[in-house]
1. Dipole size in debye (nearest 20) for the chain around its Cα centre, Lys and Arg Cβ +1, Asp and Glu Cβ -1?
2. For a quick check: sort Trp256, Trp31, Trp180 by the number of other beta carbons within 10 angstrom, fewest at the front.
3. At 7 Å along Cα-to-Cβ for each site, give me the label-to-label distance between Arg118 and Ala382 in nm.
4. Please go through the residue pairs Lys149/Lys241; Lys241/Lys328; Lys165/Lys241; Lys149/Lys328 and name each one whose alpha carbons sit more than 22 Å apart in this structure.
5. For a quick check: sort Phe202, Phe391, Phe134 by the number of other beta carbons within 10 angstrom, fewest at the front.
6. Treating only the Cα positions of the stretch 101-158 as identical point scatterers, give the base-10 log of I(q)/I(0) from the Debye formula at each q in 0.14, 0.27, 0.28 Å⁻¹.
7. List the residues of the stretch 65-81 whose backbone N lies under 15 Å from a point placed 7 Å from the Cα of Arg22 along the Cα-to-Cβ direction.
8. What does the highest-first list of 99-105, 273-279, 47-53 look like by mean Cβ count within 10 Å?
Amino acid sequence: MALRMTLDALMAIEPLLSDEERAARDATRAWVNERFRPQLTEAHRQGEFPKALIPELAELGVFGANLQGYGCAGMSNVGYGLVLQELERGDSGLRSMCSVQGALVMFPILTFGNEAQRQRYLPGLAAGTLMGCFGLTEPTAGSDPGSMKTTARKDGDHYILDGIKAWITDSPIADLAVVWAKVEDEGQLIRGFIVERGTPGFSTPEVEGKFSLRASPTGEIHLTDCRVPAANLLPGTGGLKSPLLCLTQARFGIGWGVIGAAQDCFETALAYGLERRQFNRPLASFQLYQAELTEMATQITNAQLLALHYGRLKDQGRLVPEQVSLLKRNNVRMARDIARNARALLGGIGITDAYPAIRHMMNLESVYTYEGTHEIHTLAVARALTGIAAFE
Ligand SMILES: Cc1cc2nc3c(=O)[nH]c(=O)nc-3n(C[C@H](O)[C@H](O)[C@H](O)COP(=O)(O)OP(=O)(O)OC[C@H]3O[C@@H](n4cnc5c(N)ncnc54)[C@H](O)[C@@H]3O)c2cc1C
């Protein structure tokens with residue numbers, strides 16, 4: 001048998017990473033293998049995230065890992081991407097929790113909040129003693145969040161919020177929500193509010209019956225005459241561009257994370273093909289099986305290099321939203337295709353949770369849709385290429 005080469009060796013990105021980036025990646029990979037994977041099958045079957053692990057995740061520095069100060073790890077964007085990649089090698093739900101906490105809750109508080117808000121929330125969010133969620137989508141406002149119906153009305157030193165937010169990652173377990181609403185007294189300007197659990201008129205019913213991201217709680221946010229102190233308005237927010245800036249942060253992380261899911265599927269299909277014999281030979285000795293593995297390795301390498309290049313651009317402050325759309329769109333589609341193909345290479349047993357491929361496959365359906373659907377990112381890139389907006 002010829003000498004084997006690992007996918008890591010084929011991609012050869014090690015020399016392009018700093019010691020800190022490699023250390024963060026390796027620590028996260030070890031934690032996922034030792035602490036998360038043993039609980040994962042049961043968590044997925046039960047449809048519950050193992051919440052007892054949250055302090056350990058915080059200890060790893062994954063919440064707001066690329067943010068500075070307030071207890072955040074202050075990693076480079078490449079280091080942050082690698083961390084998310086390792087989390088999603090475990091499960092997209094685990095990575096989703098970290099994306100929401102860092103990019104959609106901590107980032108807006110850091111960027112649009114005042115110093116009192118930062119001091120009040122960020123250290124607890126970094127330490128995992130506070131968990132947050134991000135409420136933008138509504139039952140009738142998905143790809144078109146500007147059509148949201150949630151309103152905020154000033155009433156003395158409070159705002160009164162009314163509306164329903166749908167499909168909110170972690171809302172059932174969150175201690176606070178960053179909620180977006182149209183402010184009636186400001187010409188329907190979209191602004192962000194921090195709403196703490198326990199505020200009268202705030203509830204978070206869970207979405208039932210999910211086949212995807214089962215280890216990640218998803219719920220609604222109901223706001224009914226919900227009186228929020230005016231001090232909880234994020235003062236720097238104004239217009240749809242504010243939540244979109246947060247989504248750009250999160251989508252960058254998704255573009256990295258899904259590579260981990262794809263790698264897990266590739267490694268699974270490779271190991272299975274070397275072990276499983278049919279026609280008196282390992283499956284991996286057949287040319288059709290080999291062609292699939294080569295295609296997977298090629299697509300993963302392409303996705304990894306794209307993420308790394310854009311990660312370095314982001315570290316230099318030069319990454320633009322159109323590039324993030326291209327990254328999210330390409331890499332999620334890549335991972336989704338690989339998960340489905342890996343499932344097929346496993347044959348019948350591939351439809352069970354004895355192997356991770358079908359769980360990744362189902363998870364990636366959500367990732368394909370959330371944070372801007374594949375189609376919307378197609379149109380966003382095309383808008384940049386043509387100068388013509390097909391969806392506004
Ligand atoms: C598991 C999960 C977790 C989520 N977490 C969050 C969260 O934490 N916070 C949050 O705010 N939201 C969250 N979302 C919501 C998510 O961002 C939306 O589902 C997504 O934006 C799509 O909206 P929609 O589901 O209403 O689909 P729609 O917008 O109704 O789209 C349906 C289909 O039509 C297509 N489509 C729509 N408009 C166009 C167009 N102009 N041209 C071509 N095709 C079009 C879409 O691509 C899609 O295929 C989550 C969703 C899921 C599934």
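Only the coordinates and a few stated rules stand behind these numbers; no lab work does. Just so you know, these numbers come straight off a predicted model, no measurement behind them. A quick note on method: Cβ atoms are made from the backbone with ideal geometry, for glycine too, and the neighbour counts reach across all protein chains shown.
1. Working: 38 positive and 43 negative charges, 135 e Å.
Dipole size: approximately 640 debye.
2. Working: Trp256 31, Trp31 20, Trp180 28.
With the fewest neighbours first, Trp256, Trp31, Trp180 line up as Trp31, Trp180, Trp256.
3. Going from the Arg118 label point to the Ala382 one covers 4.1 nm.
4. Details: Lys149/Lys241 17 Å; Lys241/Lys328 19 Å; Lys165/Lys241 18 Å; Lys149/Lys328 27 Å.
From Lys149/Lys241; Lys241/Lys328; Lys165/Lys241; Lys149/Lys328, over 22 Å: Lys149/Lys328.
5. On the way: Phe202 21, Phe391 12, Phe134 29.
By the 10 Å Cβ count, ascending: Phe391, Phe202, Phe134.
6. Taken in order of the listed q values, log10 I(q)/I(0) reads -0.54, -1.01, -1.02.
7. Residues passing the 15 Å test: 79.
8. Values: 99-105: 27.4, 273-279: 13.0, 47-53: 16.0.
Taking the mean over residues of other Cβ atoms within 10 Å, the ranking is 99-105, 47-53, 273-279.
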